[in-house]
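The values are calculated or read from the model by the stated rules, or taken from the named source; none is laboratory data. Quick caveat: nothing in here was measured; it's all calculated off a predicted structure. Quick reminder, even Gly has a Cβ in these numbers, built from the backbone with ideal geometry, and neighbours come from all protein chains shown.
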Amino acid sequence: MSPSVDTHPRASAASCTHCALPLARGARAELESGEAYCCSGCFLAHRLGHRGLEARTDRLFARVALSAFLAMGVMVFSLSLYGGLLHEQGELAGAQALAGIYRLGALAFSTPVIVLLGLPLADAVVALRRWLSAEALILLGTLSAWAVSVWNTFRGGGDVYFDTATMVLLLYSVGRWLDVRARERATEELRRIVPERESPVILLDGAVEREVRAAELEPRDRVRVRPGEIVPVDGEVESGRSFADTAALTGEAQPRSLGPGDLVHAGVTLIDGSLVVRTRAGVGSRLRDEVERLLQEALTQRSRLVRIADRFAGALMPLVFVLAAAVVAHGWGEHGPEQALLNGLSVVLISCPCALGIATPLAFWSAMGEAWRRGVLVRGGEALERLARVRTVLLDKTGTLTSGEFELERIDAEPGVDPREALRLAAALEVGSEHPIARSIRAAWRARDGSELALAREFRALPGVGVEGEIEGRKLALESDRDADIGGATVVQLVANEVGRRVRLARLVLRSPARAEARGVLGRLRNEGCELAVLTGDSEGPARALAAELQVEVEARLSPADKVARIRGRGRACAFVGDGLNDAAALAAADVGISMAGGSASSLAAAHVNLLRPGLQELPDLLALARSAVLAAELNLAWAFLYNGVGLYLAATGRLTPIFAASSMVVSSVFSVLNSSRLIQRRREHDRAKETTHESAGRLRTRAYGGCA
């Protein structure tokens, strides 16, 4: 999905034009203009608003609110007609005249409701060609009730059903408004990462500055980004310093400081400084582009529970039509045609699959939106459902449990090899890699020399091993030294591939501490009932040091194939957490692959869940959120089954009036919306309570040391 000037995400061929959410199988209705809608509510909101999601459902709500006012007038006149006084004095000419006035009053108030709500619904049925649908039958029933009432009003005899016609239309429209609002809220987070426009970019061509389009940039170009501007490309800060707002990409509210050598991604907004950024990826291959594509793709992924609801809704409507026809046929001779038609209308209303259509997806959409607010991209309802079943969590070490930022401790060069030259060659080899070790070696070179590095020819990454390439005619490799055991340090060796033999030029000793939050995260995962283990390709020394520090089982010296074998050997539902670079095979093999922040755009595709903020803090909360979402979806689905089963029985036996059936339909939709919203509210209350606890603990520590709170 590319950025667009539209005010809502561009609907794909399988998504709704209004809300941009995926279309259920069999629910798609495409117009000649190419527009497609997931429901009649989205059709009405889009056509009445004229501006799509920007107008939201304001105009539809305005019609519903005005119709509600008019419907109250209809009910006042109808209650007067139903009162016993007029029936007791029915022979009096004055009473008959008063009854006629009440009928005319009900007609006067109901007619605008038919125009405001009935005609747009008729337009939806015709435009979407839903001739045999719940909407068509509801429209037919309400218009028939209104037409019969008009006939009886002017002929001066028979019953009138103005209240039934207006209230059914009103309540049905309220239900549609609730559904569309729920769908719109599910896409609000998606809209936040789509820029309204692409601003010109300041390209530095030597000492000359010129404006170009972001799409014209190529790797290694230098661009200037001023305060208040959005960074247009993925790249590395060459000069300048600034605080940056990363909320549009990661959801993180805390500004981040950027300086020379730091990586920066497109979509970040500079706050107070200017930066010169050297481009690493152009438009189309940026991290932002990949996140947008994956987020749009995530909304099209339908979980098992959603597919069950779709199949049930698809099978329900034909049965409802047959049942409604049977009820009408049975009641025609026994109760008369008018009562028979009202009973049939009750059957259609009570079984309207609107609540069923949003019951399960809404829980998943709400959870995915909340996960995005926390800086986590969940790749669809299927991934969320799998995550809820996870009972084993396997983690990579480097860049996952460790900080990912190594410090070069020393260089052990072989005799006759200049350590500075060895560092230059190692840094040049790592120019094409985004592995944490590569970033640390390049940072060490910048700190010691700072001169520009040439790109290695024939560069190739060796997953789980290292990198290789050709520099100045020499074939070199930088690879993990698994035989080295230097007090828990990570060791890589620079090797020259000469004719017939490999010659080690130097060893680079690096250290990376465990993440500050790692111990707490592992403890919370254990509290969630998860078994934990660490799979690493590092040598035994660093693995033993990490195992002792975090009190967790660690397996060392594992190749990517070994990690895949360990994952597949686990009998329980298994998640793997890795940095998304050399762990692509393991991420894909796990039931749920979870990639860490800091990977390249292409690395995101290997995982089912992407952590966009640095660190592991969100992992336990994400697991709890997934379980809450699945529970809410199951409750919604159970409620929809119960509601439709009991409601159909009562309607078919004549125990429900159309107004009560329509009211029940609205209540069912409200229940699904509130139940889905409740799981998000509970998670936010939990977060606030946790933040309050941390703040209180911080004040206590400050007072204990005699400081100022």
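Some points to look at:
- Where helices (runs of 4 or more DSSP H) fall wholly inside the range 104-195, the ranges with 3 or more residues that are out of contact with any His (no Cβ under 7 Å at 6 or more places or on another chain) and modelled with pLDDT under 75 are 162-192.
- The criterion of at least 3 residues that are among the hydrophobic types (A, V, I, L, M, F, W, C) and over 30 Å from Val264 (Cα atoms) is met by the following strands (runs of 3 or more DSSP E) wholly inside the range 482-600: 501-511.
- Whichever residue in the range 487-517 is out of contact with any strand residue (DSSP E or B) (no Cβ under 8 Å at 6 or more places or on another chain) and over 27 Å from Ala413 (Cα atoms) and, among such residues, is modelled with the lowest pLDDT: Ala516
Each row is one residue, and each column tells you yes or no for (1) in the same structural domain as Ala584 (by TED's automatic domain parsing); (2) in contact with a Phe, Trp or Tyr (Cβ under 7 Å, 6 or more places away or on another chain); (3) at pLDDT 80 or above.
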residue	(1), (2), (3)
Ala427	no, yes, yes
Val431	no, no, yes
Glu452	no, no, no
Val465	no, no, no
Glu472	no, no, yes
Lys475	no, no, yes
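- Just one of (1) surrounded by fewer than 19 Cβ atoms within 10 Å (Cβ to Cβ); (2) β-branched (Val, Ile, Thr); (3) in contact with a helix residue (DSSP H, G or I) (Cβ under 7 Å, 6 or more places away or on another chain); (4) under 30 Å from Leu425 (Cβ atoms) fails for Val552. It is (4).
- Among the residues of the range 463-481, those that are under 18 Å from Ser440 (Cα atoms) and part of a strand (DSSP E or B) comprise Gly466, Val467, Glu468, Ala477, Leu478, Glu479, Ser480.
- Taking the conditions (1) assigned to a helix (DSSP H, G or I); (2) modelled with pLDDT of 80 or more in turn, Leu700 satisfies each one other than (2).
- Which listed residue, of Leu44, Leu60, Leu92, is in contact with a Pro (Cβ under 6 Å, 6 or more places away or on another chain) and either modelled with pLDDT under 80 or surrounded by fewer than 21 Cβ atoms within 10 Å (Cβ to Cβ) (or both): Leu44
- Just one of the listed residues (Ala506, Ala461, Ala427, Ala447) is of a type in the set (A, V, I, L, M, F, W, C), in contact with a helix residue (DSSP H, G or I) (Cβ under 9 Å, 6 or more places away or on another chain) and farther than 29 Å from Leu604 by Cα, and it is Ala506.
- Selected residue (only one of Leu116, Leu104 is over 30 Å from Leu316 (Cα atoms) and either polar (S, T, N, Q) or touching a helix residue (DSSP H, G or I) at 6+ places or on another chain (Cβ under 7 Å) (or both)): Leu104
- Among residues of the range 197-218, those that are of a type in the set (Asp, Glu) and surrounded by 13 or more Cβ atoms within 10 Å (Cβ to Cβ), counted: 1
- Ala422 being part of a helix (DSSP H, G or I), more than 34 Å from the chain's Cα centre (by Cα) and modelled with pLDDT of 85 or more: yes
- Scanning the range 483-495 for residues that are surrounded by 16 or more Cβ atoms within 10 Å (Cβ to Cβ) and either farther than 19 Å from Ser433 by Cα or aromatic (Phe, Trp, Tyr) (or both) gives Ala484, Ile486, Gly488, Ala489.
- Some residue of the range 274-283 being among the small types (Gly, Ala, Ser), part of a loop (DSSP other than H, G, I, E, B), out of contact with any His (no Cβ under 6 Å at 6 or more places or on another chain) and modelled with pLDDT under 70: no
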